[in-house]
Structure formats: C-alpha cells, structure tokens
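Coordinate-derived values only; no laboratory data. Bear in mind the structure is a predicted one, so any value in this text is a computation, not a measurement. All Cβ positions, even for glycine, are placed from backbone atoms using ideal geometry, and neighbour counts span all protein chains on display.
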Amino acid sequence: MKIVRIDCHVLLEPGYDVGATSSSQDDIVVEIHTDEGITGLGESDVNPWIARACIQAPGTHTMGLGLSEMLIGQDPLEIEALWQKLYVGSAMNGRRGAVIHAIGALDMALHDLRGKALGKPCHELLGGAVKKSITPYASLQPEVSSFPAYRRSIVEWALRAKSIGFRAAKIEVTPCGPYAHKGLVATHAEMTEVIRDVRAALGPDFTLMVDVQYAFPSAETCMRAIESWTEFNLFFIETPLPSDDLAGYARLAEEQAIPIAAGEWLATRYEFLDLMDRGKVQVVQPDVGRVGGLTEAKRVCNLAEQRKLRIVPHLWKSGISIAAAAHLAATTRNCPFIEFLPDELCESSLRKELVESGLQMIDGEIPLPTEPGLGVTLNREALARFKREAENVSASFFA
Ligand SMILES: [Mg+2]
C-alpha cells in the first residue's frame with residue numbers, strides 16, 4: 001500500500017471571536033489517501049492556515065524537505081519510521097512548534113489508516129488497552145463577557161456537567177492575565193470566590209480542576225493568589241505561569257501543596273522532558289495533535305509513567321481528537337481522565353458537528369472503542385460549511 005494524496009482542510013467556526021480564549025473555533029483536518037482506497041483522518045490544534053502551509057510547502061534542501069512530499073509514495077503502515085523521516089527531514093524548519101503540530105495531524109491520520117487497514121482499533125496497535133473504559137472530565141468555559149454573568153454561569157455549568165453524568169470537571173477561571181476570556185476583568189480574590197462557589201455547589205466528593213490559562217506573571221504572585229485554594233481540594237491547577245517559566249513551575253511544585261498541571265502547548269517528548277525534569281509538574285497534559293501525534297504522545301506517556309507522574313491529555317478540538325485521546329488513554333495506566341468539551345456545554349458548532357459518528361460518553365465513561373482505526377466518520381456537509389467560512393475569511397484578509 002502506498003500514500004497517494006494528502007488533503008488539508010482549513011476550517012473555521014462561523015462567528016468566531018478572536019477575543020475568546022477558545023481554540024475550538026478553528027481546525028486543520030487532514031485526510032491521507034492510499035492506492036488501496038483506505039483513508040486516514042487526523043487533526044491538530046494549531047492555526048489551520050499555518051499548519052496547511054507546513055504540510056504543503058515544497059522542500060528546498062535536505063534539511064528542509066516538504067512534509068507532504070516526504071509522505072507521498074511511502075508505505076503508510078510504517079508509522080514510526082515515517083515519524084522519524086518527517087522529523088529529521090523538516091528539522092531546520094521544525095523540531096518544535098507549528099511543523100511538529102502539523103506532523104501531529106499527519107501521524108494521527110496514519111494511526112487511523114493503519115487501524116482501518118489491519119481491522120483493529122488504534123489502542124490495540126498502541127500496545128493494548130489496560131482499562132475497560134476511559135473517564136472524561138468536562139471542560140467548562142461559559143461564553144459570556146462580563147464577570148458577574150460568568151460567575152453565575154460557571155456554577156450552573158458545573159452543576160449541569162454533574163447532572164449529565166460527569167465525575168470530574170475543570171473550570172476555566174480566566175478573568176485576568178494575557179489570555180483573559182472575552183475581556184473578562186476580575187481580581188485574584190474574585191477568582192478565589194468563583195472556585196469557592198463552584199466547590200460549594202458540587203459538594204466535596206466531585207473531582208474539580210482549575211485552569212487559569214497562564215494568568216500569573218510569576219511564582220510569587222501565583223503563590224499569594226492561590227494560598228487559600230488548598231481548602232477547595234483541587235485535583236490540579238493548570239498552567240498558572242507563562243509556559244517558558246520552568247523555574248517558576250518548579251517553585252510552585254515544591255513550595256505549595258496543590259498539584260500543578262501543564263503541557264497543552266508543547267511539541268515533542270523533548271519539551272516534556274524539560275517540563276517534567278526542570279519544571280517538576282505533577283500532571284502532564286500532552287495534546288495528541290500538538291505534541292506530534294499518537295506516536296509521540298505515547299512516548300510522552302511512557303516517560304511520564306517512568307517518573308510516576310499523572311497524564312491527563314489536553315483536548316479542545318472535535319471528535320477526531322477525542323477519539324485519539326481515548327485510544328491513548330486506554331493504553332496508559334497513569335491516565336485517570338481525558339479532557340472533554342461536552343456537546344451540551346460548548347458553544348462551538350465546529351466542535352459539535354464536524355464528526356458524524358464518534359465516541360460517546362455513557363454513565364460518565366467512554367467505553368473502549370471497538371471500531372477499526374480511530375472509529376470516527378466526518379460529517380461532509382459540516383466539513384464543507386466550515387471550509388467555506390475559512391475561505392471567505394482568507395479571501396477578505398488577503399484581498
Ligand atoms: Mg488549558
């Protein structure tokens with residue numbers, strides 16, 4: 001079997017808001033086609049125009065080859081060898097960042113393709129499942145732009161998540177810092193009050209996480225702001241500091257009691273080694289697409305398991321990534337949860353409509369996938385609609 005064509009779909013949510021702290025408003029979806037008619041599907045969480053350019057750009061020398069060009073004509077079942085070929089061949093332009101995130105979409109598609117070709121779900125080919133089901137946690141970020149409205153909504157959303165069957169939820173508390181959601185404004189003390197409200201509403205036994213999305217400029221500021229948060233019994237605090245402040249992360253991990261989680265933006269196991277060994281985080285959060293695909297995500301899980309760290313994959317995209325994270329989690333012991341944007345509590349039509357059939361939560365759990373590959377089919381009508389939206393925006397942007 002040989003790879004004959006790679007389609008890159010640049011997708012955009014109608015009415016997307018550049019002021020929203022939500023990457024579910026855009027998407028790059030790739031389809032890898034073969035001469036035997038089997039097709040693999042993948043996506044990644046990165047600006048889709050940038051990712052498409054990374055994939056389609058022609059190579060110009062041995063250290064900067066084109067991703068698409070390197071794959072055409074190759075055997076798609078040789079996934080690990082292809083990952084290495086792409087990483088080495090693109091190294092002068094890649095190694096980290098957008099090129100790796102784009103490789104992630106391609107690698108995800110190759111895993112889907114291999115599963116379909118061999119008639120097995122991806123988890124069986126990734127080392128085999130070590131659990132009977134996968135537990136999703138609900139990621140909650142109300143689409144409001146005033147802090148009082150946010151404070152009311154987040155309690156309602158958390159209760160709704162619990163009533164739908166979730167056993168864990170994460171609240172996005174981002175009313176300050178460089179990525180404040182939709183212009184929300186509040187003090188650190190008001191952030192504390194939000195968490196207090198949600199914990200009181202959910203009761204003591206529900207697993208609760210907090211994501212502050214890089215809100216604090218330094219470890220000192222953070223430790224002052226979160227001093228009282230120990231009473232809320234948080235499973236973790238996510239990305240409290242700027243991504244590159246590894247010394248700050250290490251201080252937080254060593255000088256206060258709440259587990260620290262990070263890693264959603266990182267590319268390759270090498271960045272995770274820094275995060276784990278220098279940043280000393282207790283919970284690592286690879287995004288399957290961004291880190292470099294299922295191949296690289298599995299390597300990160302193995303390294304985290306060796307260090308006895310928890311793995312809770314980041315996920316803010318469509319049913320394609322939900323499936324990829326579920327297959328990964330199925331094979332990973334130290335992975336108690338995967339992130340999940342519930343259909344009922346998510347405003348993104350792209351997130352909800354792109355996939356026609358995918359994995360569903362039943363009684364708070366996602367049963368082990370049984371379909372070959374990722375087990376996901378695209379909604380072609382939705383794909384065309386989101387593609388048109390992206391084309392309209394790029395046409396007016398470049399006009
Ligand atoms: Mg996050």
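Could you work out the relative contact order of segment 302-387? I mean the mean sequence separation of Cα pairs under 8 Å and 6+ apart, divided by the number of residues, in percent.
Working: 104 pairs, mean separation 25.5, N = 86.
Contact order relative to length: 30 percent.
3J(HN,Hα) along segment 358-369: x, 7, 10, 8, 10, 6, x, 10, 9, x, 4, x Hz, from the Karplus curve 6.51 cos²θ - 1.76 cosθ + 1.60 with θ = phi - 60°, whole Hz, x for Gly and Pro. Among residues other than Val99 with Cβ under 14 Å from its Cβ, the summed charge is +1 (Lys and Arg +1, Asp and Glu -1). Helical content of the chain, expressed as a calculated mean residue ellipticity at 222 nm, amounts to -12500 deg cm²/dmol (DSSP H runs of 4 or more residues, -39,500 (n - 2.57) each, divided by residue number, nearest 500). With the largest listed first and rounded to whole Å, the semi-axes of the equivalent ellipsoid of the chain from the Cα gyration tensor are 33, 22, 21.
Relative contact order of the chain: 20 percent, from C-alpha pairs under 8 Å at least 6 residues apart in sequence. Under a model in which nothing but the beta-carbon of Lys, Arg (+1) and Asp, Glu (-1) is charged, segment 198-269 shows a dipole of about 60 debye around its Cα centre.
With a simple spin-label model that places each label point 7 Å from the Cα along the Cα-to-Cβ direction, the separation between Ile72 and Glu254 comes to 5.2 nm.
Based on the Cβ-Cβ distance from His61 to Ser396, what FRET efficiency comes out when R0 is 35 Å, to the nearest 0.05?
Working: r = 35 Å, r/R0 = 1.00.
With a Förster radius of 35 Å, E is 0.50.
Between the listed residues His188, Gly203, Leu359, the Cα displaced farthest toward the positive end of the dipole of segment 125-377, a dipole computed from Cβ unit charges relative to the Cα centre, is found at Leu359.
What pairs in Lys162/Lys280; Lys2/Lys352; Lys298/Lys387; Lys116/Lys298; Lys352/Lys387; Lys2/Lys132 have C-alpha atoms more than 27 Å from each other? Before the final figure, lay out the partial values.
On the way: Lys162/Lys280 31 Å; Lys2/Lys352 33 Å; Lys298/Lys387 31 Å; Lys116/Lys298 19 Å; Lys352/Lys387 15 Å; Lys2/Lys132 34 Å.
The pairs that break the limit, which is 27 Å between Cα atoms, are Lys162/Lys280; Lys2/Lys352; Lys298/Lys387; Lys2/Lys132.
Using the Cβ atoms and a cut-off under 13 Å, what net charge is assigned to the surroundings of Arg196, where Lys and Arg are +1 and Asp and Glu are -1? Net of charged neighbours comes to -2. The Leu159 and Gln84 beta-carbon pair, evaluated with R₀ = 45 Å, returns a calculated FRET efficiency of approximately 0.40. Here r is the Cβ-Cβ distance between Ser218 and Met1 and R0 is 51 Å; the resulting FRET efficiency, rounded to 0.05, is 0.45.
What net charge do the residues around Asp245 carry, taking every other residue with its C-beta under 13 Å from that of Asp245, with Lys and Arg at +1 and Asp and Glu at -1? Mind dumping the intermediate values first?
Numbers: positive: Arg251, Arg278, Lys280; negative: Glu220, Asp244, Asp274.
Summing Lys/Arg as +1 and Asp/Glu as -1 gives 0.
Using +1 on the beta carbon of Lys and Arg, -1 on that of Asp and Glu, and nothing else charged, what's the dipole of the chain about the Cα centre, debye to 20? Kindly include the intermediate steps, with their values, before the conclusion.
On the way: 39 positive and 52 negative charges, 119 e Å.
For the chain, the charge dipole is close to 580 debye.
Taking segment 1-30 and a reference point 7 angstrom along Cα→Cβ of Ser349, the backbone N atoms nearer than 12 Å belong to 12-16. With the simple model of a label 7 Å out from the Cα in the direction of the Cβ, Val130 to Asp244 spans 3.5 nm. Here the spin labels are modelled as points 7 Å beyond Cα on the Cα-Cβ line, and at Ala189 and Leu273 they lie 4.7 nm apart.
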